[in-house]
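Inspection log for the structure reproduced underneath, given as structure tokens.
The values are calculated or read from the model by the stated rules, or taken from the named source; none is laboratory data. All values reported here derive from a predicted model rather than from experimental measurement. Note that each Cβ is placed from the backbone with ideal geometry, even for glycine, and that neighbours are counted across all protein chains shown. All accessible areas refer to the heavy atoms of the entire protein, side chains included, with ligands and DNA or RNA removed. Shrake-Rupley method; radii C 1.70, N 1.55, O 1.52, S 1.80 Å.
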Amino acid sequence: MKSITRRAAASILLALPLLAAGSSTAMAAAAAATSAAAAPVALRHAAPFSIRNTVIGEGAPKTIVPTTGATAAQVLEQARIIGANADADLIEFRIDYLDFATDASRIAALGKQVAVAARNKPMIVTFRTQAEGGSKPITDAAYGALYAKLIQAGFIDLLDVEMFRSPEVVTALVGQAHAKNIKVVMSSHDFHKTPPASEIVARLRRQDQLGADILKIAVMPQSPADVLALLDATAQMRATYSSKPQLTMSMGGLGAITRLSGEVFGSDLTFGMIGTPSAPGQVDVGQLRQVLNTVHAAVEGK
């Protein structure tokens, strides 16, 4: 159990936007934050688990970089870049961007190549449906059938399963994934608004009940209060309801701070980008790592 002072947390959050830009003023603010004297606040951490050589739920949030290519050549080039970048901990293989997004055989063959190109970094496989902000529509039955074939292909470490696909499909996929020792990232996305904190908590708790290994939600803020609602819900989940790792974010520029400050509030992973973002508000993974390390040092009292 680590701790951070309220004053330190506030100072770091105020400095984060400047830190991402490499501001010397921000660096000074962060340094002051780490030495501020005030009553410590204990932080509850996730129950960690390991995938390959990456521990999720321990230390600074782990970084995820997605592929955005439409062709096999584009995806493999992106995977090589992600694999060679020490600031990227995991790769997300976004199959919905592919020109052949529903061809399970071609996706499985490419997925095995992606794993090698990315130097065997843990891989999340994701078909983001158009209903939740993805690039292509797909029926729930086709979504379930595609994933079922990919689960059997033997190249997936983690599988993103949208919680609002049909209950039968979600339940079946969780069982099939776990039978193959694949971790499930259960997700919910709202690209238009931010639900109340109580609704965000309810969704994350439902994901937990459905057997998710990582609880994920992404929402779009319309005001600073919306950003605080996402952070509040994340902290509530960690403090009261679940020790499973979380991946929570408020999107767009307004919500970028949530991608940087997860360790304070209970989010254990965060998305960065190399080149093209897959969602609004993503930060360059190198700049992201710098800020995550600064926050982690403060949490550790260094």
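Before moving on, here are some points about what is shown:
- Long-range Cα-Cα pairs in the chain (distance over 28 Å), rounded percent: 34
- 1.4 Å probe accessible area per residue over the chain, in Å²: 40
- For a label point 7 Å along the Cα-to-beta-carbon line of S243, residues of region 184-213 with backbone N under 18 Å: 205, 208-209, 211-213
- With a Cα cut-off of under 25 Å and a minimum spacing of 8 residues unless on different chains, the lysine pairs in region 141-266 number 9.
- Carbon plus sulfur fraction of accessible area for the chain, probe 1.4 Å, in percent: 55
- Neighbourhood net charge (11 Å Cβ-Cβ; Lys/Arg +1, Asp/Glu -1) for V169: -2
- Per DSSP, loop trypsin sites (Lys or Arg not before Pro) in region 117-188 with at most 15 further Cβ within 10 Å: R119, K180
- Taking Cα centre as origin and charging only the Cβ of basic (Lys, Arg, +1) and acidic (Asp, Glu, -1) residues, the dipole magnitude of the chain rounds to 480 debye.
- Sum of side-chain charges, E132 neighbourhood, beta-carbon under 14 Å (Lys, Arg +1; Asp, Glu -1): +2
- Close amide H contacts of K136 (hydrogens built in the peptide plane, cut-off under 5 Å, sequence separation of 5 or more or a different chain): Q130.
- Using the Karplus relation 6.51 cos²θ - 1.76 cosθ + 1.60 with θ = phi - 60°, the per-residue 3J(HN,Hα) values for region 54-59 come to 10, 9, 9, x, 9, x Hz, with x marking Gly and Pro.
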